[in-house]
Every structure is written in C-alpha cells, then in structure tokens.
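**Student:** This structure is in structure tokens; I'll ask about it shortly.
The values are calculated or read from the model by the stated rules, or taken from the named source; none is laboratory data. Predicted model only: the values in this text are computed from it and were never measured. Cβ placement follows ideal geometry from the backbone for every residue including glycine, while neighbour counts extend to all protein chains displayed. The protein model used for the area step is the full one, side chains on, heavy atoms only, and it has no ligands, DNA or RNA in it. Shrake-Rupley method; radii C 1.70, N 1.55, O 1.52, S 1.80 Å.
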Amino acid sequence: MPESTKTSEEIRLIVGKGDTLYGLLTDKGVSPLDATSIIRELKPVFSPRNLKSGHILAMTLNRNQATGIIRPRNMEIRTGNSKRYAVRLNGKGEYERIGKSVKIASIPRPLSALRSGGTSRYSRARARIQSSFYQSALAQDLPPGIVNKMTGILSYDVDFQREVNRGDTFEVLYTRQSAKDNGVLYAELVTNRKKHAFYRFKTPDGMVGYYNKNGESAQKAFMRTPVSGARITSRFGRRKHPILGYTKMHTGVDFGVARGTPIYAAASGTIQKAGWAGGYGKYVRIQHSKKLATAYGHMSRIARGIRPGKKVSQGQIIGYVGSTGRSTGPHLHYEIRLSGKPVNPMRYKLAKGSKKLSRKWLALFKKEKSRIDRLRKQIPVATNIASIRN
Ligand SMILES: [Zn+2]
C-alpha cells in the first residue's frame, strides 16, 4: 500500500510491575496474532517470563490510516547491561528476530525521551474553564474519550452540573497511544478553591484505579464500570432492540469488550443468583444491601466458586464477558437495581465510603505518584488560548 496512508510512531515504555509483553503489545493496539508471533520469534533468546519491571520496550508502530491496523515495524526489549532483543517486520510481512539493535534513538534515561514534542508518549493539558468543562477541555484538543474518562474519575468527587463554574481550572496528563480507555494518568479539577486530584494506579492484582494523593480511591462504594478497557455500546433507556427489532426499555448499560475479559463485582455483597437466566444468558446478581443489587449478563463463564449465598468483595472476579443469551456479540450487560427496579448505572448517585490501599500497596502507589508528578513537571502544556501557567 502507498506509504502516504501509513503513519508511524516511536514508542518507548518502561515495563511496570505485573506487565506482560503480550499485554503491553496488545494495549498499544497490536493484534493478538502479531503479539504472539513476536513473542514466538523472541523466545529462543528471550523468554517473555523474564520481562521485569524497569526493562524498556521500544518499538516503531505503523498505523494504516485506511484500515486502522497497527503493526510494529520493529520492537526491542532492553534489559539493561546493554542487552537487547529485537524483532522486525520483514518484506513478507512476518516477524523475524535480528541480532542487531533496531534503529530507535537511544534513551539512557527513560524519562528524558518523554520531553520530546508531538510524538511523546504523554500529553498534558491545563486550562481555565471558559463556558463548560467539556467545551474547555475539547478546546485543548483533548480527545473526547479522555474528556469522558476525566469526567468519570472526577465525578465521584465533583458534581459537574452544580459545582463546576467558569474560572475553575483543570489539568490532565494522558497518553494518546493507549488503545484502552485508561489513558488518563492524572486528572485534576480546582473548584471553589478545592483541589480534586487523582492519580492512576494499577494494584498488583491488576486492577486499575484512581487515587488521591493519600492513596484513597476515587471510587466510592460502587464501580461504575465493572470491566476494564470497555466502552459503552448501549445506554440505559428506551431503544430499538437489535434482535427483537421493536422499541424496548434497556434496563442496564452495555459495555462492549472482548470475550473473556474479567467482570468485577462492582461492590461487596452476597451472590443472590448465578446461572442461566433466559435472555440474560449466564447471569450473576449480587445483593449489596437490603435495597441495592447489581446484575451482570451474557457471561461466557461464571467464575469458579460464584454461587448463591457466597460473599464477594469489590473488584473480585465474578465471571467473564461473553455473548450468551439474547446477545449479538461479546459484551457485558450491567444493571443496578434499587428495590428490584433497574436504575441508570451512569446516573445513580454513588454512596461515599472509599477503599484504602494496604500499607504495601500504598508504598507502591507513592512511587507511581512521584513518577506521575515528575512527568507532569517535564511535559509542557499545550498553549491554547485558554491555557494558564503552572
Ligand atoms: Zn444490555
């Protein structure tokens, strides 16, 4: 295909704790097939199990503008001691291991690479709100997905309808390259002289959350999105049913996400139902209080040990995304039920009661917080009209 339809991007990332090569590649939009063949090529010299926190992953990603397909042109793992393991895409479109290091500018100090302008892995915006938060955020060229994510993080703490006014300020640090919805590393809003600021942190059990500087979760008693990496494919309310064809009340929110993605308990509670439930397919319902329950439908599989009467804690895996029952493709149907009646999960006011990190995790969080704060200092802010100085 003509070169003009391709864009390429150089990426360097520092491997974090618990990261896998497969996960890092697919997070960047690399197909599972390519990720698998890259790993297979590397295996004779570098086992993916030896990937450790602090290693560097560098690659050049080609994106075909027409198809949106992303393929690494080359990829290299740097394990320190000048050890490098590299693969590249050959003329046949297959990955092959190469003895030599691939041509990506060297980075003795990983963070210094992030200072570069447009191709930097991270972007930062900081501005004063002119009309509405949403408008002012878009005026900073923030991708709508990032603005939505920011709203999601901050809305546990801030009522955007009532509390946010002209003259308030916000800041966001984010990555443009994340294929996932978790591209926001830092979200801040200063309103009524109060600063609401949250840092992204992945706990060692793999859960991504947002925490204030003291390590208190932004999430209150409920997770609004009980699967990670999902986007909403159908909202709560009346809609034309994709299979039945007529207008019908949609009693929950649908999150489109790959089959097999773990589904988390949105809050602690007791399993009330776990099994087949007609159009819902494989289904789990958790009772959280006398009045409040959450329900999860179309699972491919219910997690082991999840059965009526069993207690679960927030964030525990209860099942996996599938397409069982009346469903057109893999997604999670998620409901919040108040006294047996479905309410809009995106609107439902979440009760306070924040989750705190254990001492060990808190120490890890502080490290990540310092890293994010360092990035905030290093990355220049876009200078749109509404920007303010640090
Ligand atoms: Zn649904």
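**Student:** For the stretch 266-278, check the following and say yes or no: at least one residue is among the aromatic types (Phe, Trp, Tyr) and crowded, with 16+ Cβ neighbours inside 10 Å.
**Tutor:** As a first pass, look at the stretch 266-278 and keep what is among the aromatic types (Phe, Trp, Tyr): 276.
Add one more test, that the residue is crowded, with 16+ Cβ neighbours inside 10 Å, and what stays is none.
No, the conditions are met nowhere in the stretch 266-278.
**Student:** Sticking with this one: Looking at (1) more than 13 Å from the chain's Cα centre (by Cα); (2) modelled with pLDDT of 80 or more; (3) of a type in the set (A, V, I, L, M, F, W, C), can you tell me which one Phe160 breaks?
**Tutor:** (2)
**Student:** Checking Val172 against (1) modelled with pLDDT of 80 or more; (2) within 30 Å of Ser31 (Cβ to Cβ); (3) open to solvent by 10 Å² or more (accessible area, probe 1.4 Å): exactly one of these is not met. Which one?
**Tutor:** Result: Val172 fails condition (3) only.
**Student:** Still on this structure, I have one more. Of the numbered conditions (1) under 23 Å from the mean Cα position of the chain (by Cα); (2) away from the ligand (no atom under 16 Å from the Cβ); (3) not in a strand (DSSP E or B), Gly309 fails exactly one; give the number of that condition.
**Tutor:** Here Gly309 meets the rest and fails (1).
**Student:** Enumerate the pairs (first residue in the stretch 329-348 and touching a residue at least 24 places away in the same chain (Cβ under 8 Å) and within 24 Å of Pro262 (Cβ to Cβ); second residue anywhere and open to solvent by 20 Å² or more (accessible area, probe 1.4 Å) and more than 11 Å from the ligand (Cβ to nearest atom)) with beta-carbon separation below 6 Å, excluding pairs fewer than 6 apart on the same chain, so at least 6 apart or on different chains.
**Tutor:** Sorted first by the residue in the stretch 329-348, then by its partner, the pairs are Gly329/Ser323; Pro330/Arg259; Pro330/Ser323; Ile336/Val343; Ile336/Tyr348.
**Student:** In the stretch 268-302, what residues are closer than 15 Å to Thr324 by Cα and away from the ligand (no atom under 15 Å from the Cβ)?
**Tutor:** If we filter the stretch 268-302 for residues that are closer than 15 Å to Thr324 by Cα, which is where we start, we get 274-284, 295-302.
The answer is Ala274, Gly275, Trp276, Ser300, Arg301, Ile302.
**Student:** On to the next question. Confirm whether Gly315 is closer than 19 Å to Gln272 by Cβ and modelled with pLDDT of 90 or more. Talk me through it step by step, then tell me what you get.
**Tutor:** Details: closer than 19 Å to Gln272 by Cβ: yes; modelled with pLDDT of 90 or more: no.
Judged against the criteria, Gly315 is not a match.
**Student:** So, in the stretch 242-267, how many residues would count as being under 18 Å from the mean Cα position of the chain (by Cα), away from the ligand (no atom under 11 Å from the Cβ) and in a strand (DSSP E or B)?
**Tutor:** 3
**Student:** Can you confirm whether Ile317 is among the hydrophobic types (A, V, I, L, M, F, W, C), within 19 Å of the chain's Cα centre (by Cα) and open to solvent by 40 Å² or more (accessible area, probe 1.4 Å)? I'd like the intermediate steps shown before the answer.
**Tutor:** Working: among the hydrophobic types (A, V, I, L, M, F, W, C): yes; within 19 Å of the chain's Cα centre (by Cα): yes; open to solvent by 40 Å² or more (accessible area, probe 1.4 Å): yes.
Yes; evaluated as a whole, the condition is true for this residue.
**Student:** Oh, and also: Would a scan of the stretch 25-36 turn up a residue that is out of contact with any His (no Cβ under 6 Å at 6 or more places or on another chain), under 17 Å from Arg78 (Cα atoms) and not in a strand (DSSP E or B)?
**Tutor:** Let us first name the residues in the stretch 25-36 that are out of contact with any His (no Cβ under 6 Å at 6 or more places or on another chain), namely 25-36.
So of that shortlist, the ones also under 17 Å from Arg78 (Cα atoms) come out as 25.
Of the ones still in play, those that are also not in a strand (DSSP E or B) are 25.
Yes: the stretch 25-36 contains one or more residues that are out of contact with any His (no Cβ under 6 Å at 6 or more places or on another chain), under 17 Å from Arg78 (Cα atoms) and not in a strand (DSSP E or B).
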